[in-house]
Number of protein chains: 2
Amino acid sequence: MPTLYDYCDSGNGYKARLILALTSQPYDYVEKDITKGETRTPEFLAINPNGRVPTLVLDDGTVLAESNAILVYLAEGSAYWPEDKLSRAQVLQWMFFEQYSHEPYVATPRFILRHLPPDHPRQDELKDRWKQGYAALSVMESQLAKTPYLAGQIMTVADIALFAYTHRADEAGLNLETYPAIRAWIQRIQETPGFVSML
Amino acid sequence: MPTLYDYCDSGNGYKARLILALTSQPYDYVEKDITKGETRTPEFLAINPNGRVPTLVLDDGTVLAESNAILVYLAEGSAYWPEDKLSRAQVLQWMFFEQYSHEPYVATPRFILRHLPPDHPRQDELKDRWKQGYAALSVMESQLAKTPYLAGQIMTVADIALFAYTHRADEAGLNLETYPAIRAWIQRIQETPGFVSML
């Protein structure tokens with residue numbers, strides 16, 4: 001069975017934990033506390049030279065990094081990764097949007113607020129990141145006002161990728177009050193059979 | 001046949017043009033000069049509300065955005081998008097790496113240097129972006145010292161995604177002199193049958 005190296009407070013790691021739960025796949029879990037430098041030890045760097053979680057190690061020793069690549073790998077063969085090429089492209093479109101236009105502006109402010117001291121110079125980044133964070137949330141709101149899930153009628157790995165940090169937006173200093181379609185989508189995902197919460 | 005809305009100097013757009021050429025797929029090309037605001041007109045925003053190129057419009061009117069999602073869509077059924085799930089995950093791992101850890105530090109400095117005036121405040125970002133750009137290049141160098149292509153023995157969309165801005169690194173102010181494996185990989189890609197250059 002695969003081993004997931006992860007940090008419990010990581011939304012990126014939660015993406016892997018959620019798809020594993022939803023598809024009932026067993027796995028070993030190894031906690032690496034990034035705030036204590038546990039992903040920068042020689043032992044962990046021998047596993048993943050980039051020193052990042054989540055890292056998935058397969059039975060044959062193959063190491064997979066990048067949360068969204070891990071998500072697709074674990075979802076293959078399930079309904080969370082569609083069969084036809086156009087649907088898959090639309091799912092990937094949202095997952096690349098997540099990495100480029102959402103994660104730096106929703107996940108990073110959460111990290112700054114939760115893990116850095118209040119007088120840390122990176123606090124100055126918050127204002128600009130929030131602006132872009134709300135822009136990303138508006139793109140999601142606009143889609144979710146039209147369809148129940150990001151890539152259409154069924155829940156896919158695109159929803160899991162974007163749910164991870166969006167449902168914790170308050171911890172990033174972002175307010176979802178004016179995003180009713182996102183709030184309904186969060187509830188819809190939380191009611192999915194097999195759902196597990198983040199912490 | 002699909003229509004590609006693109007800007008000739010865009011590396012993201014070039015990813016689509018290169019896979020279309022390598023797989024001999026015909027398409028209509030519509031140039032949108034981002035420096036003249038041509039992706040922000042009401043006409044273009046009606047096609048892609050995010051106002052970004054590349055945008056691919058399929059025969060049935062379906063609109064695909066995000067260069068790497070377009071790449072995977074256009075490569076399905078070719079050797080550039082492998083069949084087995086582990087290889088695909090490894091390809092996607094590099095493509096998500098490109099969007100999160102490479103594009104902001106290799107493509108963005110190129111944009112700042114090529115398209116913004118020398119006294120623009122964003123010039124101050126260069127030093128930090130170069131540092132991260134060299135870190136991303138080192139990750140690629142380390143892999144390409146071991147395998148001829150990023151995901152192993154054959155060229156895939158992962159190589160196309162990372163080739164686009166890496167082979168123009170000099171225009172971003174980044175020097176590839178100490179990255180011999182990257183330079184050999186660039187030459188290898190340029191010698192691929194069907195290769196077309198960026199401009």
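Taken together, the values in this text are just the output of simple stated rules run on the coordinates, not laboratory data. Given the structure is predicted, the values throughout are model-derived calculations rather than measurements. Cβ atoms come from the backbone with ideal geometry, glycine included; neighbour counts cover every protein chain shown.
Would you mind ranking B:Trp130, A:Trp94 by Cβ crowding within 10 Å, fewest neighbours first?
Taking fewest neighbouring Cβ atoms as first place, the list is B:Trp130, A:Trp94.
Averaged across the residues of A:60-68, what count of C-beta atoms belonging to other chains lies within 10 Å of each residue's C-beta?
Counting other chains' Cβ atoms within 10 Å and averaging over A:60-68 gives 4.
Between B:Asp84 and B:Glu177, what's the calculated FRET efficiency when r is the beta-carbon distance and R0 is 25 Å? Round to 0.05.
0.10
Note down the magnitude of the dipole of the protein assembly as shown about its Cα centre, charges +1 on Lys and Arg C-beta and -1 on Asp and Glu C-beta and zero elsewhere, to the nearest 20 debye.
400 debye
For the range B:112-154, rounded, prolate or oblate, judged on the Cα gyration tensor with a ≥ b ≥ c (square roots of eigenvalues), a/c < 1.5 rounded, else prolate if a/b > b/c?
prolate
Taking just the alpha-carbon atoms of the range B:90-184, what radius of gyration and Dmax come out, in angstrom?
For the range B:90-184, the Cα radius of gyration and maximum Cα-Cα distance read 13.4, 45 Å.
What FRET efficiency do you get for A:Gln153 and B:Asp119 if R0 is 56 Å and r is their Cβ-Cβ distance, rounded to the nearest 0.05?
0.65
Would you pull out the residues with amide H under 5 Å of A:Val30's amide H, same chain only if 5 or more places away, H placed 1.01 Å from N?
A:Leu4, A:Tyr5, A:Asp6
Amide H of B:Glu66: which non-local residues (sequence gap of 5 or more, or other chain) have their own amide H closer than 5 Å, using H built in the peptide plane?
HN-HN under 5 Å from B:Glu66: empty list.
Would you mind getting me the FRET efficiency between A:Thr192 and B:Thr62? Use the beta-carbon distance for r and R0 = 41 Å, nearest 0.05. Before the final figure, lay out the partial values.
On the way: r = 27 Å, r/R0 = 0.65.
Plugging the Cβ-Cβ distance into 1/(1 + (r/R0)^6) gives 0.95.
Would you mind classifying the range A:23-135 by shape? Square roots of the alpha carbon gyration tensor eigenvalues, ordered a ≥ b ≥ c; an a/c under 1.5 is rounded, otherwise it is prolate if a/b is larger than b/c and oblate if not.
oblate
Can you quote the Å³ per residue value for the convex hull of the Cα atoms in the protein assembly as shown, rounded to an integer?
148 Å³
Quick check: Cα centre of the range B:123-142 to Cα centre of the range A:64-94, how many Å?
One Cα centre to the other: 29 Å.
Once you list every other residue whose beta carbon is under 13 Å from the beta carbon of B:Ser101, what net charge do they have if Lys and Arg are +1 and Asp and Glu are -1?
Details: positive: A:Arg52, B:Arg129, B:Lys131; negative: A:Glu66, A:Glu103, B:Glu98, B:Glu103.
Once positives and negatives cancel, what remains is -1.
Dipole of chain B (Lys/Arg Cβ +1, Asp/Glu Cβ -1, origin at the Cα centre): which of B:Tyr80, B:Phe97, B:Ala181 lies farthest to the positive side?
Value: B:Ala181.
Under the rule of -39500 (n - 2.57) per DSSP H run of 4 or more residues, summed and divided by the residues of chain A, what mean residue ellipticity at 222 nm is obtained, to the nearest 500 deg cm²/dmol?
Only helices count here, giving -14500 deg cm²/dmol.
Using a 10 Å cut-off around each Cβ of peptide A:90-103, what is the average number of partner chain Cβ atoms that fall inside? Numbers along the way, then the final one.
Values: counts 7, 2, 11, 10, 3, 7, 15, 5, 3, 10, 9, 4, 0, 2.
So the per-residue partner count for this stretch is 6.
Treating only the Cβ atoms of Lys and Arg (+1) and Asp and Glu (-1) as charged, compute the dipole magnitude of the range A:39-142 about its Cα centre; round to the nearest 20 debye.
380 debye
Roughly how big is chain B's charge dipole about its Cα centre, with Cβ charges of +1 (Lys, Arg) and -1 (Asp, Glu), in debye to the nearest 20?
Taking the Cα centre of chain B as origin, the dipole is about 440 debye.
Take the Cα radius of gyration of the range A:3-75 and divide it by 2.2 N^0.38 Å, with N its residue count; two decimals is plenty.
1.01
Of all trypsin sites (Lys or Arg not before Pro) in the range A:94-199, which ones are in loop regions per DSSP and have a Cβ with at most 16 other Cβ atoms within 10 Å?
A:Lys146
Report the equivalent ellipsoid semi-axes for chain B in whole Å, largest first, defined as the square roots of five times the eigenvalues of the gyration tensor built from alpha carbon atoms.
Sorted largest first and rounded, they come to 25, 24, 14 Å.
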